[in-house]
Amino acid sequence: MSLTILGPERPEGALPGVLQKHGVTGPLALVSAGWRYDEARDEPLRTAVPNEVRNLRLYDRFRILEREAPDLISRYTAKQDALRRVKHRYRMRVQAGLASATALHAEYKDVSCRWFLQSIRHLQETDELFLAEARALHDRFESEAQPGQHPLVRRARETVREELAGCAALLIAGGHIGVLRNRCFFFDLGPVLNHQPLYAWSAGAMLLTERVLLYHDRTAYGPGTAEFLDHGFGLLRNTVFLPHARERLDLDNTLNLTVLVHRLAPRRVIGLENGAVYDNGAYTGAPGAAFALHLDGSTHAAGA
């Protein structure tokens, strides 16, 4: 499978140059569900690349199902409501765990301290518990509601796969990661991701990892709580991508970064900025556009 990870594509996109380098001349399938109501506003991409762009319109296809398959979507909404309730409990536990780990490291500044390491393990166990409960909710919905057996869903999934089969590559754009993740999973995109070259950026890159982390130190209400959104597709193992990391993380706060990287260990934590390109595992992007966060809270230019 050919897989290229890009940083945010604005203000200047790296995608056109990468496609040219790879000799991709055929039609491109586009997933832009994370743009939500702006899903179809893909003119800048169409202008930037010479290829024909075929937007798969996953967000719009789901809105059609909301109208035409209300009973199924009602069950899906009930599952999402249950997931939100689990997330509320998860967030309460994570906030308490982060406070403990941060206080211990602030006081002793010793990452080998047993109490600090125990607090990190507690955070990791909390993350695992949430992810297990999330997977159980998704699995229960699949087994009980069987969305793939619904004629309208089956037809939509078949149409998406037929459109993909006629394209030279698949592009997964950024946007709202929660919406992007939910629509891609609902239309069962996972099994076809390795059928042609795949290019993903920002939230699209996050979606291809094993699990998706939400993070923001600069919200209108102050630093947010880093927490997992859900499982991703798992094409990329042992990696956590943080698009717009310089904007969303306080990279001068080595205390918080140390706790975060220990919590995510042994996964690599990679910040992605405009111009970053990982081309089938090798870094070929602009210098400094991707960087790794280390266990001591420092950042270093990322390589392969």
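Worth a mention:
- Cβ-placed point charges (K, R +1; D, E -1), dipole of the range 60-167 about Cα centre in debye, nearest 20: 220
- Net charge of the neighbourhood of Val261, taken over other residues with C-beta under 10 Å away and scored Lys/Arg +1, Asp/Glu -1, is +2.
- Ranking Leu28, Pro44, Ala103 by how far each Cα lies toward the positive end of the dipole of the range 13-104 (charges on Cβ) leaves Ala103 at the top.
- A Cβ-based charge dipole, computed about the Cα centre of the chain with Lys and Arg at +1 and Asp and Glu at -1, lands at about 460 debye.
- FRET E, pair Leu295, Thr219, Förster distance 22 Å, beta-carbon r, rounded to 0.05: 0.30
- Extended-chain gain in nm, criterion 0.36 nm per residue less alpha-carbon gap, Ala78 and Glu163: 27.5 nm
- Sorting the segments 77-88, 177-188, 194-205 by their residues' average number of neighbouring beta-carbon atoms within 10 angstrom, most packed first, yields 194-205, 177-188, 77-88.
- Stretching the chain fully between Arg246 and Glu144 yields a gain of 32.4 nm (0.36 nm per residue, less the alpha carbon separation).
- When Thr25, Thr254 are arranged by Cβ crowding within 10 Å, least crowded first, meaning fewest neighbours, the order is Thr25, Thr254.
Taken together, the values in this text are just the output of simple stated rules run on the coordinates, not laboratory data. Given the structure is predicted, the values throughout are model-derived calculations rather than measurements. Backbone-built Cβ (ideal geometry, glycine too); neighbour counts: all protein chains shown.
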